[in-house]
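Structure first, commentary second.
The values are calculated or read from the model by the stated rules, or taken from the named source; none is laboratory data. Every value quoted in this text rests on a predicted model; they were computed, and no experiment measured them. Virtual Cβ from ideal backbone geometry, glycine too; neighbours counted across all protein chains shown.
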Amino acid sequence: MKTRILWAMFVALGGGCTGRAPSVRSAATLPTDAGAVAETVDASTSEPPSSSVHPGDGGTSAPAPADEPPVISSIAMGEWHACAVMSDGALRCWGRNREAQLGRAAASATPFTQSPTAVPGLTGTMVQASAGTFHTCARRDDGRVFCWGDNRTGQSGVDQVPTLDRPTELRAVTEAEEITTGRDQTCTRHRDGTVRCWGNNENGQLGDGSVRAPFAPTLVTGLRDVAEVAAGSGHTCARLSNGTVRCWGLNRRGQVGDRSRVTRRRPTPVVGVAGAVQIAVGREHGCARLGDGTVRCWGRNDVGQLGGGAPGGSNVAVPVRGLAGVRQIAAGGLHTCAVMEDATVRCWGSNHHGQLGLGTVGGVRRVPTAVVGLTEVQSLALSRGADDGASCALRRDHSVLCWGDNAFGQLGRPSPGADPVASPVVLEAR
């Protein structure tokens, strides 16, 4: 079968996933409260893709000309799946599908796919996607949001429906400028600088001061002028326009960064961070890239994912040792990576699945270590699960390479098991 390397124009950090059928039909109206209506869309009709420009982290990318095949605009990784936003506004996903996180009804005979596959039922031009543990969400260019997959705690935004087999538009979400998915919570940043979250709230990760678990978007208390939001496993963080960072939720590993290990139900300042220009949140740790090109991290550190500090973890931000000139950071489940100014990549933390890209499997690295043979990198996306570990990189030549755990085909190729060498994702020609 004719294949080509999976091309990309821009890979967004956190959050990226990706079908297309640009007119909306109501296949089923699902129950909500507070006037929110979630509508499942039907891919029964189509029209030419929108020509909207895709906003990305550090630039914009124009759609591919009509006579050229679409390229990737951004990617995201969940626990065992990954998604790509295409330049024509469509989405493709691959990896595990047991919870319908690829946007198709889960089938026991085909619990995963290693080939990037179009997500059916999405309408309009998608500009961002975010892959959670077992659910996925996408943001359209008009600020509307669609979610699908696991919904047992309401993380996909619908009440009393445990699994969403198809993308479902969340009518209560408007004017979203960013979306982020965690283990089982979802948050959006809006044009007015506020953040709204929904899903599991047992540790206060929705930031409304309670532990109730609403499926409808809930305003995070006392949070304004937000420039970036990122969800982890049981906690959430936001970067404000003044360069400070606030986190809330589960804090047993110090992942809130407030010099305590007490769970916080409202946003709390991270100690030791000022002048932040980007944040990345992993499973139980977080990092901030500062304006001077250095990085500070906090939270869990048993396998060296902070790149500094004691193995027991740190409840305040500590500097990553020997790291300067960083252009982008990404945080995974048990590892962290950075794109350097010279377009190389350095990673640290667990290498149990070869996710550090060292050419070997096993061990840990407590200081940043160069990924073997990887140059000309533009951006990164890392898996954030507890039991997996995978990494993907977008290079300047628009190729996407992945390495690490491939148990469910999340590296975009058929060979199972761990692969510690960065290799191309392939996209079947349509």
Legend entry - Cross-chain or 6+ apart pairs with Cβ under 6 Å, the stretch 227-238 first and farther than 15 Å from R264 by Cβ, then in a strand (DSSP E or B) and among the basic types (K, R): A227/R239; E228/R239; V229/R189
Inset, instruction - Being in a loop (DSSP other than H, G, I, E, B) and either within 23 Å of R283 (Cβ to Cβ) or not basic (K, R) (or both) is the filter here, so list the residues in the stretch 384-409 that pass it. - result: R384, G385, A386, D387, D388, G389, D397, H398, N406, A407, F408, G409
Legend entry - Which numbered condition T180 misses (of (1) closer than 26 Å to R98 by Cβ; (2) crowded, with 19+ Cβ neighbours inside 10 Å; (3) in contact with a Leu (Cβ under 9 Å, 6 or more places away or on another chain); (4) polar (S, T, N, Q)): (3)
Inset, instruction - Consider only pairs whose beta carbons are under 7 Å apart and that are at least six residues apart or on different chains; among these, list those whose first residue lies in the stretch 353-369 and is of a type in the set (K, R) and whose second residue is outside any loop (DSSP other than H, G, I, E, B). - result: R365/W348; R365/G349; R366/W348
Legend entry - the stretch 202-213, residues that are under 20 Å from the mean Cα position of the chain (by Cα) and surrounded by fewer than 24 Cβ atoms within 10 Å (Cβ to Cβ): none
Inset, instruction - Return the residue satisfying two criteria in turn: it lies in the stretch 171-185 and is closer than 22 Å to A386 by Cβ and not in a strand (DSSP E or B), and of such residues it is nearest to the chain's Cα centre (by Cα). - result: G182
Legend entry - Qualifying residue in the stretch 261-269 (condition: in contact with a Lys or Arg (Cβ under 8 Å, 6 or more places away or on another chain), over 20 Å from H335 (Cβ atoms) and of a type in the set (K, R)): yes
Legend entry - G385, sole failed condition from (1) under 18 Å from D302 (Cα atoms); (2) surrounded by fewer than 19 Cβ atoms within 10 Å (Cβ to Cβ); (3) at pLDDT below 95: (2)
Inset, instruction - Starting from the stretch 157-168, take each residue that is surrounded by fewer than 16 Cβ atoms within 10 Å (Cβ to Cβ) and list its partners that are assigned to a loop (DSSP other than H, G, I, E, B), counting only C-beta distances under 7 angstrom and pairs at least six apart or across chains. - result: D159/P31; D159/T32; D159/D33; D159/F215; Q160/P31; P162/N151; P162/R152
Legend entry - Among the residues listed as D397, D387, the single one being within 17 Å of N351 (Cα to Cα) and of a type in the set (D, E, K, R): D387
Inset, instruction - Have a look at V320, V256 and point out the one that is within 27 Å of G363 (Cβ to Cβ) and surrounded by 24 or more Cβ atoms within 10 Å (Cβ to Cβ). - result: V320
Inset, instruction - Can you tell me which residue within the stretch 354-379, out of those that are among the β-branched types (V, I, T) and in a loop (DSSP other than H, G, I, E, B), is farthest from L334 (Cα to Cα)? - result: T375
Inset, instruction - Give the stretch 312-353 a look and list any residue that's more than 23 Å from G182 (Cα to Cα) and under 23 Å from the mean Cα position of the chain (by Cα), or say none. - result: V320, V326, R327, M340, E341, A343, T344, V345, R346
Inset, instruction - Answer with yes or no whether V229 is among the hydrophobic types (A, V, I, L, M, F, W, C) and either more than 18 Å from G309 (Cβ to Cβ) or touching a helix residue (DSSP H, G or I) at 6+ places or on another chain (Cβ under 8 Å) (or both). - result: yes
